[in-house]
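Asks: Below is a structure I'd like to ask you about.
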Amino acid sequence: SSGINAEWPLRPGATFELHIFVRIMTLLATILKRGHSGGREVTNAVKEVDELEREKEEALRPLTSGIMETGMDESGDYKRQVSNESLKDPQVQALSQQLKEWINDVLTDDHIVVKNLCEDLSDGQVLSALIESLAGAKIEHKEVAQSVASQKAKLTEVLNQINYHLQVADDGIKWNVDNIHNKYLVSVLHLLVALARHYGIQRRLPSFVKINVLQITKATQQTETISEQITGDEEREHYNFAARQQERDVFDTLFDSAPDKLNAVKGSLMAFANKQLSKIDKSCNNIEEDFANGVNLVIMMSLAEGYYVPLYSFSMEPEAYDHKLHNVTLALNLMQEAGIPRPKCTAESIVSKDLKSTLRVLYSIYSKYKHLAK
């Protein structure tokens, strides 16, 4: 027969919608059949059609309101959308508000004001400005993207930069281009919480925020509610970050209280570096400039540890900011693998030629391998 296949899986609400559709079509047939004769029946039928349309919209509104406000994750075998209860959760709203205020604080000089997290971050423009401000990253394509394809291309570039700076393992990344572009609240919050933790946020985020997600299996249309943990013990996270920031080391003291001894320290560390680099006929003359691209740091680690770093794993003559950042990050990773405690600096600060950060790195290497200079 030509009827509807009862085994074909309908989306949530589709059975009710089909019922409404059949009733409407029956009434339309009545209108067409009797339209040429007296109009009271036709008028009544038209009113009933309008009433049925309003009834359908009202009945389906609870099924679509979550999608309209927060977007949907349609990756893999499931569709996921945030429950309406979670949208009204004061903890979820407080977290969203604090992250929005943090972004606006960071981007004050760029005159960017975020009003809706999911909407304003979906095309990559705000995220691009955010990671440039936080990490000094350079995003090449800054023009406003209009088409979906160009927006996703922009977003791909921006998220690659963010993931690189966050140094998150692949299985720890809880966001992707499609989810951010689709304005899926869960992914947006995961991304912003990761950035806020990594770069520090003055506000203390709400702890143990969870979001209930309606998960629909595409094949069977079965629906279940799952819980997504967005934040953990944020009080401890905030304390740990603040403690790391407040820890003073010998270089803080040197810069603040004994600037007259700074040149002597720079000279000693330069002498140590040149002693190592001379083994391959290299030398350095400017401590801020000559280590900013990471090449000399990688070479010093390879010489000190007695191994060869393949040339394909780093750039010997980096020009682009990303290549320099990659080199410095590689050097810091090699230091950690050698058992050197990570110095109080970031790869970005080295590339930016921050003297205190560069001295910290060189002193860490010197402390481990000073016996090689004898």
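The values are calculated or read from the model by the stated rules, or taken from the named source; none is laboratory data. Just so you know, these numbers come straight off a predicted model, no measurement behind them. Counting neighbours? That spans all protein chains shown, and the Cβs are built from the backbone with ideal geometry, glycine included. Heavy atoms of the whole protein, side chains included, go into the accessibility calculation; ligands, DNA and RNA do not. Shrake-Rupley method; radii C 1.70, N 1.55, O 1.52, S 1.80 Å.
Asks: Looking at A135, A145, which one is crowded, with 20+ Cβ neighbours inside 10 Å and modelled with pLDDT under 90? It would help to see each step written out before you state the result.
Replies: Numbers: A145 fails: crowded, with 20+ Cβ neighbours inside 10 Å.
Criteria check complete, one pass: A135.
Asks: Between residues in the stretch 206-225 that are in a strand (DSSP E or B) and residues that are among the acidic types (D, E), which pairs lie under 7 Å by C-beta distance while being six or more apart or on different chains?
Replies: From the stretch 206-225, the pairs are K210/E228; I211/E228; N212/E85; V213/E228; Q215/E224; T217/D77.
Asks: Got a sec? Which of V168, V126, V186, V193 is within 13 Å of the chain's Cα centre (by Cα), more than 21 Å from P90 (Cβ to Cβ) and either surrounded by 18 or more Cβ atoms within 10 Å (Cβ to Cβ) or charged (D, E, K, R) (or both)? Working first, answer last.
Replies: On the way: V168 fails: either surrounded by 18 or more Cβ atoms within 10 Å (Cβ to Cβ) or charged (D, E, K, R) (or both); V186 fails: more than 21 Å from P90 (Cβ to Cβ); V193 fails: more than 21 Å from P90 (Cβ to Cβ).
None of the other options fit; the residue is V126.
Asks: For the stretch 273-328, name all the residues that are in a helix (DSSP H, G or I), within 18 Å of D354 (Cβ to Cβ) and either aromatic (F, W, Y) or more than 33 Å from the chain's Cα centre (by Cα) (or both).
Replies: A273, Y321
Asks: Checking Q91 against (1) open to solvent by 10 Å² or more (accessible area, probe 1.4 Å); (2) closer than 14 Å to L192 by Cα, which single condition isn't satisfied?
Replies: Failing condition for Q91: (2).
Asks: Looking at A258, A292, A320 in this structure, which one is open to solvent by less than 10 Å² (accessible area, probe 1.4 Å) and more than 25 Å from H371 (Cβ to Cβ)?
Replies: Numbers: A258 fails: open to solvent by less than 10 Å² (accessible area, probe 1.4 Å); A320 fails: open to solvent by less than 10 Å² (accessible area, probe 1.4 Å).
It is A292.
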